[in-house]
1. Residues of the stretch B:78-109 being part of a helix (DSSP H, G or I) and facing another protein chain (nearest Cβ under 8 Å), which ones?
2. Tell me, please, whether a residue that is closer than 30 Å to A:A347 by Cα, within 14 Å of chain B (Cβ to nearest Cβ) and crowded, with 19+ Cβ neighbours inside 10 Å can be found in the stretch A:303-320.
3. Hey, can you tell me all the residues within the stretch A:11-59 that are touching a residue at least 40 places away in the same chain (Cβ under 8 Å) and among the small types (G, A, S)?
4. Here are A:E148, A:E193, A:E178, A:E199: which of them is surrounded by fewer than 19 Cβ atoms within 10 Å (Cβ to Cβ), among the acidic types (D, E) and in contact with a helix residue (DSSP H, G or I) (Cβ under 7 Å, 6 or more places away or on another chain)?
5. Do any helices (runs of 4 or more DSSP H) entirely within the stretch A:1-111 hold 3 or more residues that are modelled with pLDDT of 90 or more, and if so, which?
6. Do you know which residues across the stretch A:298-323 are within 21 Å of B:D74 (Cα to Cα), assigned to a helix (DSSP H, G or I) and touching a Phe, Trp or Tyr at 6+ places or on another chain (Cβ under 8 Å)?
7. Which ranges mark the strands (runs of 3 or more DSSP E) fully within the stretch A:137-244 that have 1 or more residues being under 16 Å from A:T106 (Cβ atoms) and touching a residue at least 12 places away in the same chain (Cβ under 8 Å)?
8. So for the stretch B:88-96 (the condition being within 23 Å of B:L64 (Cα to Cα) and either crowded, with 23+ Cβ neighbours inside 10 Å or of a type in the set (D, E, K, R) (or both)), does at least one residue qualify?
Amino acid sequence: MLEIKPIFNALRRSKVGAILLFLQIALTTAVVSNAAFMINDHLSYLKEDTGFVQQEIFSFGLMTFGKDIDLHQQAERDEDMIRRIPGVIDAVFIQAVPLTGGGSSTSSHLRPPPEESKSLSLAYYYADEHTLDTFGVTLLEGRNFRPEEVVIGSDFDGHGPNTVIVSQAYAQEMFEGESALGKTIYVSSRPLEIIGVVETMKSPWPRGDRSSRTSIIPFINVQNFHRVMVRTEASERDSVMKVIEDKMLSQYDQRVIINIEGLEESKNSYDATDVLMMRMLMVLVVILVLVTALGILGLTQFNISKRTKQIGTRRALGARKSDIIRYFLVENAMICTVGLVIGSFAAFFLGRVLMNAYSINALEMQFVIGTAVGICVMSLLAVIVPAMRAANFSPSIATRSI
Amino acid sequence: MLTMHNVGKIYQTDSVQTHALRDFSLTVNEGEFIAVTGPSGSGKTTFLNIAGLLEPFTSGQYTLDGIDIGGLSDNQRADIRNQKIGYIFQGFNLIPDLNIYENVEVPLRYRGVPAKERKVRILECLEQVGLASRARHLPQQLSGGQQQRVAIARALAGKPRFLLADEPTGNLDTLMARQVMELLEEINQNGATIVMVTHDPELARRAPRNIQVVDGELADLTFYQGKPATPASAPEKSAHESVVGG
């Protein structure tokens with residue numbers, strides 16, 4: 001016997017507490033489901049494979065102020081020297097370091113512009129045939145660059161490279177399931193033949209749509225400022241990082257070495273703001289859930305203290321202890337249901353607002369359902385203890401003055 | 001109907017032991033109307049609570065309608081309260097958030113009476129107390145006397161054989177009190193056994209049998225012949241019998 005109708009009627013006649021509580025539940029549902037979705041989205045992102053062997057890689061910046069050298073020749077000498085340091089697997093001069101938030105991207109097309117054709121944005125790394133080894137990415141199809149395919153210069157459109165290696169994500173999106181190997185794409189107006197496809201290779205911006213559309217273009221344009229990436233045995237990385245500055249300066253001292261940093265640490269710095277936001281969201285979720293639980297607990301206790309005589313009277317009229325517990329559970333379930341229904345609509349509305357304002361993904365249904373189930377369980381736990389206490393009231397309270 | 005034999009009730013705190021009832025023995029036969037009187041704190045309400053299974057007793061034996069109450073579980077006691085006993089409280093004890101109809105419905109819901117049957121019974125009982133037209137009113141929209149009549153309707157709804165009334169007219173003016181008393185007499189004439197606790201000597205005299213509780217003990221037993229009874233027409237009190245067959 002659930003007494004739904006009389007409980008509903010009683011709530012209708014004494015509605016202030018119930019309205020406050022269901023509004024609180026609705027607000028909690030809306031905020032917590034969106035926060036949980038964003039937290040999960042971020043956790044998924046943090047777990048994502050970047051394709052790089054992050055723990056084995058470090059990078060540094062190289063600022064040359066000496067005018068008495070050929071930068072390209074010096075770069076080759078530097079690369080040779082670095083690769084001979086014990087523990088080093090490979091090294092490459094590169095215009096942008098992955099996962100750091102700073103790099104280059106361009107539009108790529110299936111036909112030479114201005115012809116109309118499918119186009120996609122494409123992040124790129126200008127580097128040579130040592131890039132795959134330095135990155136530690138997995139080549140799925142095709143081959144690495146040959147040394148003669150690497151172009152050294154500054155005129156990309158006129159005398160640039162003819163080949164490119166792309167990520168699998170880019171290949172699948174551009175060619176929609178067909179093999180990309182041997183196909184040509186146009187970057188600027190330059191045709192590049194795809195000679196290799198790598199499994200996963202994140203761009204300098206590891207979050208968002210363009211994070212997986214990546215390429216390596218065999219083009220070296222060494223300037224006064226350049227970046228160098230070094231891959232070592234994992235156990236040797238820190239020791240190589242300590243000596244790299246001295247080694248580089250011993251080669252040529254009219255330059256400075258800056259920002260010697262592991263790739264793992266670079267990504268952590270890039271993610272720091274998001275991680276902070278995620279932690280704040282977690283705290284918000286915990287606070288909201290606690291406040292709602294306390295609200296339910298408080299209202300139930302208030303209702304019980306207000307209805308002590310009524311509970312005694314119900315017991316005197318034949319209510320079993322289980323009837324009293326059920327009464328409060330049903331009452332709470334009714335308030336919760338209204339709150340959860342309104343909260344679910346509010347959650348999707350809030351999700352849409354956040355999606356438009358911050359370009360995040362659309363809220364998924366499972367997070368709203370999960371939050372609703374969680375709040376149901378929490379409210380059940382919050383109401384069961386005071387309800388059991390009420391059930392233990394003696395029926396003789398009915399005859400006493402309170 | 002009701003037999004108590006040497007029933008005792010002790011309220012125990014850390015430092016104080018209070019004997020609310022001592023060796024209380026009483027028999028109430030089916031169809032009787034008994035008024036229980038006594039000074040404040042004498043144990044009247046404790047007797048009524050034990051008789052109505054609202055609280056357990058400490059010692060002795062209590063049998064209601066052939067059932068030994070002493071060994072019953074909490075659920076069994078709740079079921080007996082629901083099926084055999086009707087309560088009328090001094091403060092009416094109507095549930096303020098429920099209307100009159102829903103208030104009378106409460107014990108029937110706990111008994112699991114089907115909705116159609118509930119409706120018939122509720123309207124019958126409200127008709128009997130003259131409040132059928134107020135079924136959708138809230139308790140606070142009725143006078144004290146009307147509220148007590150609703151409480152009587154609620155007590156009658158489950159067709160109990162045993163009606164317990166705790167100062168049923170205590171919160172009513174004289175006219176209302178008389179109306180309520182007449183209603184109880186009518187209910188008694190229809191076959192229900194009634195035990196009524198009261199402070200009002202005039203009301204007590206209208207009951208065919210009076211008992212007095214003093215210091216937790218059955219102190220006196222009084223019969224009056226004919227109704228309404230008056231002191232002048234009342235027979236001499238019987239001697240101080242402690243256990244009485246009606």
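The values are calculated or read from the model by the stated rules, or taken from the named source; none is laboratory data. Bear in mind that the values here come from a model prediction, so they are computed numbers and not experimental data. Cβ coordinates were reconstructed from backbone atoms using ideal geometry, including for glycine residues, and neighbour counts include every protein chain displayed.
1. B:A78, B:D79, B:R81, B:N82, B:Q83, B:E102, B:E105, B:V106, B:P107, B:R109
2. So far as the stretch A:303-320 goes, yes, one or more of its residues are closer than 30 Å to A:A347 by Cα, within 14 Å of chain B (Cβ to nearest Cβ) and crowded, with 19+ Cβ neighbours inside 10 Å.
3. Answer for the stretch A:11-59, where residues must be touching a residue at least 40 places away in the same chain (Cβ under 8 Å) and among the small types (G, A, S): A:G17, A:A18, A:A26, A:A30, A:S33, A:A35, A:A36, A:G51, A:S59.
4. A:E199
5. A:16-47, A:71-84
6. A:I304, A:T308, A:I311, A:G312, A:T313, A:R314, A:R315, A:A316, A:D323
7. Values: elements: A:139-142, A:163-167, A:184-187, A:190-198, A:214-217, A:225-232.
Hits in the stretch A:137-244: A:163-167, A:184-187, A:190-198, A:214-217.
8. Within the stretch B:88-96, one or more residues are within 23 Å of B:L64 (Cα to Cα) and either crowded, with 23+ Cβ neighbours inside 10 Å or of a type in the set (D, E, K, R) (or both).
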